[in-house]
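Report on one structure; see the data block that follows.
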Amino acid sequence: MAHKLLDKRLREVANHLDGTKLFMGPNQERVTMKQLFDQLEADYRQREIKSLKATLGHMKPVRAYFGNVKALKVTPERVRAYVVERQKAGLANASVNRELEIIRRSFRLANDDARLTYSPRIRSLHVDNARQGFFEKAEFEAVEKALRDPLNDMARFAYLTGWRRSEVASLGWENVDRSAREVRLITSKNGEGRAIKLDPLTWALIEKRWVKRPYDNRGEEALSAYVFHRGGKLLGNFSKEWNAACVEANVGRYVEAPVYGGRRYEGKLFHDLRRTAVRDMVRAGVNQHVAMAISGHKTASMFQRYNITSQEDIESAFKMRGSYLAGRDARPKVVALRSETRTVARTKAGG
């Protein structure tokens, strides 16, 4: 028995040296998926990734499914079986991809640390990331009315400027120059700061927030460091409050989805305010470079993704084309008249 095992190992080493197949000894055979997930979580925490809480949430079902399965037993076929199970549970492809990425990164980290030489090929599912959501004026006002302070003012600011959700939520008074009526953003997603001279409408919103800066701190008045605050603190995750307001305004709904705990929200997103601001600035004739400076888009290609065409734009295009065709049909038959003139001229010359 020992001789057979030795012969098997020698063949595996020979195959490894020939480049036919990577050698995976007993140390690799003992590695479990739980160990890989623990190592990945420790790496995430050490690097303090921004989406740590959400990532750990995506890791839970992956841990539950693979548990103490040996890492070398996680084949592409086994991963596909996991995908099928998650899809049957009602999970969207984008969410499944996030979980697949956790498996992929776990193996990659183990490869980098020389704990494993094996890594299964994991294919991502197709996802259509091009959302087409935007607000019409009446829709936004209905949602704004249903929101509590300060989320209503946050939404209004995003609607006017096209700033990202994180940029609006974390805006501090240190970024506001009241004498110059400017708002300056030091850090943003694209790594560049920007300063915006606010128009009277947007500045009125900032002045409204200045009046609401004081808050009660255990019986004493204190001043919030944030423009949009609740009790002096950042609003944090306001998805539930936003979703409820959209449902009340009839621009969102809840659908049955057991995997999400009974129901899932579908409808307008806070990020749709960013698309709306870009579209409205383009419609108003604002220069693209100026609009990009306001919204914080770094590339023109990304900016154009947000310049969404609505049904009204399409209808307007057809009307313009119809007017053009009607005007063309009503034009004088210049060519025919010229032809007739030439014919008359030739007749006179010949006779």
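No lab work stands behind these numbers, since they all come straight from the coordinates. This structure is a prediction, so every number in the text was calculated from the model and none was measured. FYI the Cβ positions are ideal-geometry reconstructions off the backbone, even for glycines, and counts take in every protein chain you see.
What ranking, highest mean first, results for peptides 65-75, 112-122 when packing means the other Cβ atoms within 10 Å averaged over each residue?
Numbers: 65-75: 15.6, 112-122: 13.9.
My ranking of the peptides, most packed first, is 65-75, 112-122.
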**Request:** Would you mind counting up the charge near E101? Only other residues with Cβ under 12 Å from its Cβ, with Lys and Arg at +1 and Asp and Glu at -1.
**Result:** +4
**Message:** For T32, what residues show an amide H to amide H distance below 5 Å, using hydrogens built from the backbone and excluding near sequence neighbours?
**Reply:** A71
**Item:** Anisotropy class of the range 22-129 from Cα gyration tensor, a/c 1.5 cut
**Value:** oblate
**Request:** Would you pull out the residues with amide H under 5 Å of L116's amide H, same chain only if 5 or more places away, H placed 1.01 Å from N?
**Result:** N111
**Request:** Quick one: which residues, 5 or more positions from V176 or on another chain, have an amide H under 5 Å from its amide H? H modelled 1.01 Å from N in the peptide plane, none for Pro or chain starts.
**Result:** R184
**Complete:** The alpha-carbon center of the range 238-253 and that of the range 195-217 are separated, in whole Å, by 25 Å
**Complete:** Most packed first (mean Cβ within 10 Å per residue), the peptides 223-230, 41-48, 89-96 order as 223-230, 89-96, 41-48
**Rounded to whole Hz, the Karplus (6.51, -1.76, 1.60) HN-Hα couplings of the range 138-149, x for glycine and proline** = 5, 5, 4, 4, 5, 5, 4, 5, 7, 8, 8, 5
**Fill in**
In the range 93-166, taking the dipole from +1 charges on Lys and Arg beta carbons and -1 charges on Asp and Glu beta carbons about the Cα centre, the listed residue (A155, A94, S166) farthest towards the positive end is A94
**Fill in**
Summing +1 per Lys or Arg and -1 per Asp or Glu among the other residues with Cβ less than 13 Å from D43's Cβ gives 0
**Cβ crowding within 10 Å averaged over residues, with 81-88, 215-222 ranked highest first** = 81-88, 215-222
